[in-house]
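Let me begin by presenting the structure, written as structure tokens, before commenting on it.
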Amino acid sequence: MSRPLTATVDLEAILSNYRYAKKLHPKCHAFAVVKSDAYGHGAVRVAQYLADEADAFAVATIEEALELRAAQIKKPIMLLEGVFEPSEWEICAEQGFWAAIENTMQLESLLALGKSIEKVFVKLDSGMHRLGVTQEIAPEFVESLRDSGLVGEVLLMTHFACADDLSDMTTMEQLAYFEQTRQLIGDIQASVANSAAIMKWNIPEGGWIRPGIMLYGISPFAEVSGVELGLKPAMTLSSKVISVRHIKAGDQVGYGLSYQAPEDHQLVTIAAGYGDGYPRSADHGTPLLINGNAAELAGRVSMDMITAKLAGSDCTNLAIGDEVVLWGNGVPVEHVAHCSKTIGYELVTRMTSRPIRIYRTKD
Ligand SMILES: Cc1ncc(COP(=O)(O)O)c(C=O)c1O
């Protein structure tokens with residue numbers, strides 16, 4: 001092995017987090033949301049590992065769905081945003097994909113094609129105003145799909161705008177609007193919950209939940225980490241020290257010389273940078289571990305390297321080859337995200353292909 005930067009993905013942790021979501025809502029079926037390459041964890045590997053237990057998978061594009069089918073994933077796969085052009089319906093029918101319908105183009109093109117789709121989720125815009133139809137239109141969509149005889153089951157779905165903020169009552173308002181719409185329609189199964197709602201909000205019994213970020217052991221909430229929620233972090237990004245030096249109080253470090261040593265200390269250079277997906281916006285003080293000791297970024301993140309120092313008193317002698325954890329095991333990715341003014345979702349999803357990938361299964 002040459003450059004030591006490694007993303008180790010614990011597939012058993014993802015399975016355990018999926019089971020945890022299902023345990024919270026035993027009457028619900030659950031999609032495993034594996035869009036965007038399973039939030040950077042590798043959609044094919046994740047789906048193959050979950051294939052025996054997951055009720056179904058959910059993705060954002062037909063290409064993502066086809067990639068899973070090509071990897072012999074036989075379970076249902078749902079297109080969360082539906083089709084982007086009418087010709088995709090033909091593929092959905094052939095491949096047995098399920099889909100959301102949120103606009104007239106999607107509805108009319110399915111009806112015009114005249115082929116069967118096993119499940120369609122009519123998407124209600126309950127307040128996020130990103131996708132979906134209003135309460136006035138949703139019952140008509142449901143009726144025309146049911147009347148067409150083309151769809152095995154029509155369900156009603158929605159998505160929450162603020163479920164990650166427990167003090168924000170928007171989720172209650174969205175739920176009330178959703179339930180009102182359900183009553184207008186009559187008997188219809190629901191799908192409303194992302195990870196935050198699965199873990200903390202009172203959601204309808206039955207139907208389908210849609211856990212995404214929690215599968216990867218990451219918290220959707222700003223104030224609490226995945227570990228604190230009882231989740232198992234799935235990705236550990238680790239590397240090694242590749243250079244060591246002693247700097248004096250007042251010495252400046254890295255591009256822009258933006259870090260200035262407050263005292264004499266050891267400074268190490270580590271193989272990881274924004275070319276790997278480590279956030280360039282990570283500030284001085286962003287946590288990491290070196291040989292299990294608390295350490296922090298000292299200097300601006302470069303494309304291939306970062307510089308760091310031990311967090312406390314600088315008594316340990318660091319050396320080339322020392323083990324570094326950038327996030328995951330012992331360093332919550334949520335903390336790194338916070339120091340980079342972003343969210344854990346973004347850090348794992350935007351990893352590049354450069355780190356070596358290792359997959360762990362049950363020993
Ligand atoms: C429609 C829909 N459902 C479920 C999810 C999963 O959300 P989370 O990762 O917060 O669990 C997403 C993610 O963006 C989504 O767009």
Can you tell me how much longer the chain between Glu90 and Met303 gets when fully stretched, taken as 0.36 nm per residue apart minus their C-alpha distance, in nm with one decimal? 72.4 nm
Amide H contacts of Asp251 (H built 1.01 Å from N, under 5 Å, at least 5 apart or other chain): Ala261
Run the numbers on the chain and let me know its relative contact order in percent, using alpha-carbon pairs under 8 Å that are six or more apart. 18 percent
Please give, to one decimal in nm, the separation of the simple spin-label points placed at Asn329 and Ala70, each 7 Å out from Cα toward the Cβ. 3.3 nm
Tell me, what is the FRET efficiency for Asp165 and Ala249 to the nearest 0.05, using R0 = 41 angstrom and their Cβ-Cβ distance as r? 0.45
The chain - accessible surface per residue (Å², probe 1.4 Å): 44 Å²
Once all protein chains are kept in place, Cys339 shows an accessible area at probe 1.4 Å, nearest 10 Å², of 40 Å²
Exceeding 22 Å between C-alpha atoms, which entries from my cross-link table qualify? They are Lys22/Lys341; Lys23/Lys232; Lys75/Lys119; Lys200/Lys341; Lys75/Lys115. Lys22/Lys341; Lys200/Lys341
Dipole magnitude of segment 11-220, debye to nearest 20 (Cβ charges: Lys/Arg +1, Asp/Glu -1, about Cα centre): 720 debye
Do you know the relative contact order of segment 11-220, to the nearest whole percent, from alpha carbon pairs under 8 angstrom that are 6+ apart? 21 percent
Counting only protein heavy atoms with a 1.4 Å probe and every protein chain in place, the carbon and sulfur fraction of the accessible surface of the chain in whole percent equals 50 percent
FRET efficiency for Val44 and Gln183, Cβ-Cβ distance as r, R0 = 35 Å, nearest 0.05? 0.30
Taking the highest mean first, how do the peptides 347-355, 133-141 order by number of other beta carbon atoms within 10 angstrom per residue? 347-355, 133-141
Cut-off under 5 Å, modelled amide H: who pairs with Phe160 long-range: Asn194
Mind giving me the nanometre distance, one decimal, between the label points for Asn202 and Arg146, set 7 Å out from Cα along Cα→Cβ? 2.8 nm
Using a Gaussian network model of the chain with C-alpha springs under 10 Å, which one of Gly312, Gly132, Gly285 is most mobile by mean-square fluctuation? Gly312
Among 170-176, 207-213, the order from most to least packed when residues are scored by Cβ within 10 Å on average: 207-213, 170-176
In a shell of Cβ-Cβ distance under 14 Å around Glu179, excluding Glu179 itself, what net charge do Lys and Arg (+1) and Asp and Glu (-1) give? -2
Expressed in angstrom and rounded, the centroid-to-centroid distance over alpha carbons for segment 309-363 and segment 131-170 is 39 Å
Find the relative contact order for segment 235-360 and round it to a whole percent, using C-alpha pairs within less than 8 Å whose residues are 6+ positions apart. 30 percent
For the chain, what's the radius of gyration and Dmax over Cα atoms, in angstrom? 23.3, 77
For segment 235-360, what is the largest minus smallest coordinate of the Cα atoms on each principal axis, given in angstrom and ordered from greatest to least? 39, 28, 22
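The values are calculated or read from the model by the stated rules, or taken from the named source; none is laboratory data. Since the structure is predicted, the reported quantities are computational estimates derived from the model, not experimental observations. Quick reminder, even Gly has a Cβ in these numbers, built from the backbone with ideal geometry, and neighbours come from all protein chains shown. To get the accessible areas, we keep the full protein, side chains included, count just its heavy atoms, and leave off ligands, DNA and RNA. Shrake-Rupley method; radii C 1.70, N 1.55, O 1.52, S 1.80 Å.
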